[in-house]
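Worksheet for the structure shown next.
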Amino acid sequence: MALDKNIIDRWHNADILLLGGSAGSFKLIFEIIRNLPHGLNKAVLIVIHRKKNFFSEIEKLFAENSRILFKEISDKDKINTNTVYIAPANYHTLIEKEGHFSLDVSDAVWYSKPSIDVSFESAADVYRNRCAAVLLSGANQDGADGLLKLRNNGSLTIVQDPGDAEVSVMPNAAININAADYVLRTTEILELFKR
């Protein structure tokens, strides 16, 4: 399928890209980050389920292969364009209307901290139609409700085709509640973010 003009225009108009995933999503997130253009002029937030102490090597891998600045979020970090941020383990990452991140230590959501839903829902309130969000492979329903809120607030919402996902529970959960503007195959997701 060729990408239609509407999805490309909505991608170009977004100020932030949200990537959410869990089991089976790392490889695609890595490919997206590796292929983002240097002059992206957007902030990127990765929310991926992980355990504390698991990510030091993965952070290094992302940082070494990204064309733009890559960093793990600290509380009150200002959100800048041309920067890829990753949500830290054991905290929920929220986006504040003042243009910074905040970290929250409340209980896990869907057994996960960071929770994709928490980040997506806070982004929906702040960015509304200036946001693009992608929900990828994963083994629980985290992210589906947040993606629906983003869609209802005018954001561009994309779900990885469950047939392409290593673990289809997360994409199917979003599709089942009509949270996706588009369901794209892996190759289509990569093609969109090269534009």
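For every residue, the table says whether it meets (1) surrounded by 15 or more Cβ atoms within 10 Å (Cβ to Cβ); (2) within 13 Å of LEU45 (Cβ to Cβ).
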residue: LYS60; (1), (2): no, no
residue: GLU64; (1), (2): no, no
residue: SER74; (1), (2): no, no
residue: ASN80; (1), (2): no, yes
residue: TYR85; (1), (2): yes, yes
residue: PRO88; (1), (2): yes, yes
residue: THR93; (1), (2): yes, yes
residue: LYS97; (1), (2): no, no
Exercise. Looking only at strands (runs of 3 or more DSSP E) that fall completely inside region 70-111, which ones have 1 or more residues that are among the β-branched types (Val, Ile, Thr) and under 22 Å from ALA14 (Cβ atoms)?
Worked result: 83-86, 92-96
For this session: Could you tell me whether any residue of region 167-181 is in a loop (DSSP other than H, G, I, E, B), within 19 Å of PHE30 (Cα to Cα) and free of Cβ contacts under 8 Å to residues at least 40 places away in the same chain?
Result: yes
Seminar exercise, completed: When (1) within 13 Å of the chain's Cα centre (by Cα); (2) closer than 19 Å to TYR182 by Cβ are applied to ARG10, the one that fails is (1)
Exercise. Does any residue of region 101-122 turn out to be over 27 Å from ALA23 (Cβ atoms) and open to solvent by 60 Å² or more (accessible area, probe 1.4 Å)?
Worked result: no
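A quick yes/no check of all residues on (1) more than 11 Å from GLY21 (Cα to Cα); (2) part of a helix (DSSP H, G or I); (3) open to solvent by 10 Å² or more (accessible area, probe 1.4 Å); (4) charged (D, E, K, R):
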site: TYR127; (1), (2), (3), (4): yes, yes, yes, no
site: ALA132; (1), (2), (3), (4): yes, no, no, no
site: ASN140; (1), (2), (3), (4): no, no, yes, no
site: PRO162; (1), (2), (3), (4): yes, no, yes, no
site: GLU191; (1), (2), (3), (4): yes, yes, yes, yes
Exercise. Checking ASP107 against (1) touching a strand residue (DSSP E or B) at 6+ places or on another chain (Cβ under 6 Å); (2) at pLDDT below 95; (3) acidic (Asp, Glu), which test does it fail?
Worked result: (1)
For this session: Just need a number here: residues in region 13-50 that are within 13 Å of the chain's Cα centre (by Cα), under 15 Å from THR83 (Cβ atoms) and among the polar types (S, T, N, Q).
Result: 0
Problem set entry | Selection within region 142-151 - in a helix (DSSP H, G or I) and either open to solvent by less than 10 Å² (accessible area, probe 1.4 Å) or in contact (Cβ under 8 Å) with a residue 60 or more places away in the chain (or both) | ALA144, GLY146, LEU147, LEU150
For this session: Pull up region 32-56, narrow it to residues that are surrounded by 15 or more Cβ atoms within 10 Å (Cβ to Cβ) and charged (D, E, K, R), then point me to the one that is modelled with the lowest pLDDT.
Result: ARG50
Exercise. List pairs: first in region 115-129 and at positive phi, second crowded, with 24+ Cβ neighbours inside 10 Å and modelled with pLDDT of 95 or more, Cβ under 7 Å, 6+ apart or cross-chain?
Worked result: ARG128/SER155
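The values are calculated or read from the model by the stated rules, or taken from the named source; none is laboratory data. Keep in mind it's a predicted model, so treat the numbers as computed, not measured. Neighbour counts run over all protein chains shown; Cβ positions are idealised from the backbone, glycine included. Only protein heavy atoms, including side chains, enter the accessible area calculation; ligands, DNA and RNA are left aside. Shrake-Rupley method; radii C 1.70, N 1.55, O 1.52, S 1.80 Å.
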